[in-house]
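Enquirer: Submitted below is the structure of interest, expressed as structure tokens.
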């Protein structure tokens, strides 16, 4: 006899087990927000080099989304690494 107030198991409903695609989408979305902030800061301070580094970082991050869709993990790693390097370079140009 089932316990009183017990929730019966849901049959036929399964959770999507493709967590990595959602995680990558979230990472790319928040990365784009950070890079857009770098681009905005570069425009405000008039730093052309920092703006172009941030633009390159955003382009690499944008292309990394397509690398996920096309199932190219090495291309994804290279593009994300390039995006991080360019974002750090934009930050250094703004800071110094």
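The values are calculated or read from the model by the stated rules, or taken from the named source; none is laboratory data. What you see is a predicted model; the values in this text were computed from it and never measured. Backbone-built Cβ (ideal geometry, glycine too); neighbour counts: all protein chains shown.
Enquirer: So in the range 22-34, with the set limited to residues that are in contact (Cβ under 8 Å) with a residue 40 or more places away in the chain and over 13 Å from residue 83 (Cα atoms), which one is surrounded by the fewest Cβ atoms within 10 Å (Cβ to Cβ)?
Expert: 25
Enquirer: Then there's this: Somewhere in the range 65-75, is a residue part of a helix (DSSP H, G or I) and modelled with pLDDT of 90 or more?
Expert: Yes, the range 65-75 contains a residue that is part of a helix (DSSP H, G or I) and modelled with pLDDT of 90 or more.
Enquirer: Let me ask something additional. Quickly run through the range 35-62 and pick out the residues that are surrounded by fewer than 16 Cβ atoms within 10 Å (Cβ to Cβ) and in a helix (DSSP H, G or I).
Expert: Matches in the range 35-62: 36, 37, 40, 43, 44, 45, 48, 49, 59, 62.
Enquirer: Being assigned to a helix (DSSP H, G or I), at pLDDT 90 or above and buried (at least 18 other Cβ atoms within 10 Å of the Cβ): is that true of residue 94 here?
Expert: Yes.
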